[in-house]
Amino acid sequence: MIKGRTILFLFGIVLPFSVAFGQQLLPNGDFENTTPLFETTTSTSIKNISSWSAINTVDFYRNQSNSSNYLGLTLAPPFEYIHTTLTEVISSGDSCFFQIWIDNKKILSNMCLFFLYTEDSLAIDEFALKELVSHHPGNLVFFKRDKKIKTKLVGGKIWYSYSCSFSLKQSANTIMLGNCLQKRSQEFYVSFDDLVLVRGQHNNNRKQKTLSVPK
């Protein structure tokens with residue numbers, strides 16, 4: 001009888017958590033799955049990473065000490081972005097949670113997400129992206145460093161946790177990451193890893209930041 005109660009109690013804890021957060025919506029969010037290209041070249045191109053593509057030259061890194069992969073991009077001109085197709089469509093109004101680990105403890109005012117619905121994300125360049133953002137500002141998502149500062153040491157680098165809870169104004173099947181507003185940025189270059197995007201709210205006591213979108 002005691003064992004039965006224990007099992008029920010554990011299910012009471014586990015089930016709400018799994019329902020609230022659901023499955024990862026980003027393929028290869030930790031950048032650990034590599035393409036065959038990586039096996040035959042020492043190139044630092046993002047083409048080494050499965051499921052992700054880039055606008056301009058996004059850098060690929062591999063920590064030799066622990067075989068952990070991560071990416072780096074510029075937040076100043078020429079603007080650089082990564083993008084991928086979500087594993088599931090996010091509908092308008094869906095509550096979602098996003099987390100990313102960055103090697104910078106500053107408040108990254110211009111690094112953000114942009115969600116869109118497209119049949120061909122590879123056809124989008126930085127100029128087309130600026131036009132899309134101006135027409136769909138409700139699908140811009142900004143994140144901040146967690147108030148309860150979370151850090152981890154990987155490959156000799158200190159990483160800081162950034163996150164946000166949000167909902168979109170329009171449905172989306174694609175995510176873009178970078179300086180989507182293309183504003184001047186004090187932060188020139190950032191490295192990042194371990195992206196998580198799931199449905200559900202997270203108690204981070206933070207409202208989504210909103211900025212004016214240039215026309």
From the Cα centre of the stretch 138-163 to that of the stretch 86-125, the distance in Å is 14 Å
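First select every other residue whose beta carbon is under 14 angstrom from the beta carbon of Ala76; then total the charges, Lys and Arg +1, Asp and Glu -1.
Working: positive: Lys183, Arg184; negative: Glu80, Glu126, Glu187.
Net local charge, Ala76 excluded: -1.
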Note: Ala76 to Val154 extended length (0.36 nm per residue) minus current alpha-carbon separation gives 25.5 nm
Long-range amide H partners of Ser185, meaning residues 5 or more apart or on another chain whose placed amide H is closer than 5 Å, are none
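Once you sort the root eigenvalues of the Cα gyration tensor of the stretch 124-186 as a ≥ b ≥ c, which label holds: rounded (a/c under 1.5), prolate (a/b larger than b/c) or oblate (the other case)? The partial results should precede the final answer.
Details: a/c = 2.45, a/b = 1.77, b/c = 1.38.
Cα axes put the stretch 124-186 in the prolate bin.
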Along the stretch 153-158, Karplus-curve 3J(HN,Hα) (6.51, -1.76, 1.60; θ = phi - 60°) to the nearest Hz, with x for Gly and Pro, reads 10, 9, x, x, 10, 8
Between Val196 and Glu32, the two model label points (7 Å from Cα along the beta-carbon direction) sit apart by a distance in nm of 1.4 nm
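Below 14 angstrom from the Cβ of Lys106, what's the summed charge of the other residues (Lys, Arg +1; Asp, Glu -1)? Let's see the in-between values first.
On the way: positive: Lys105, Lys144, Arg145; negative: Asp103, Asp146, Glu187.
Result for the neighbourhood of Lys106: 0.
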In order over the stretch 129-137: 3J(HN,Hα) from phi, Karplus 6.51/-1.76/1.60, θ = phi - 60°, whole Hz, x for each Gly or Pro, gives 4, 4, 5, 4, 4, 5, 8, 9, x
Amide H neighbours of Asp146 at under 5 Å, excluding residues fewer than 5 places away on the same chain, with H built from the backbone geometry, are Ser161, Tyr162, Ser163
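Around Cys180, under 11 Å between beta carbons, what's the net of Lys plus Arg minus Asp minus Glu among the other residues?
Details: positive: Lys130, Lys183; negative: Glu126.
Summing Lys and Arg as +1 and Asp and Glu as -1 gives +1.
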Under the Karplus relation with 6.51, -1.76 and 1.60 and θ = phi - 60°, whole-Hz ³J(HN,Hα) for the stretch 177-191, x at Gly and Pro, equal 10, x, 7, 5, 7, 6, 9, 4, 10, 6, 8, 8, 9, 9, 10
Amide H neighbours of Thr34 at under 5 Å, excluding residues fewer than 5 places away on the same chain, with H built from the backbone geometry, are Ser50
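Just so you know, all these numbers are worked out from the coordinates, no wet-lab data involved. Here the structure is a predicted model, which means the values were calculated and not measured. Here Cβ is always computed from backbone atoms with ideal geometry, including for glycine, and neighbour counts include all displayed protein chains.
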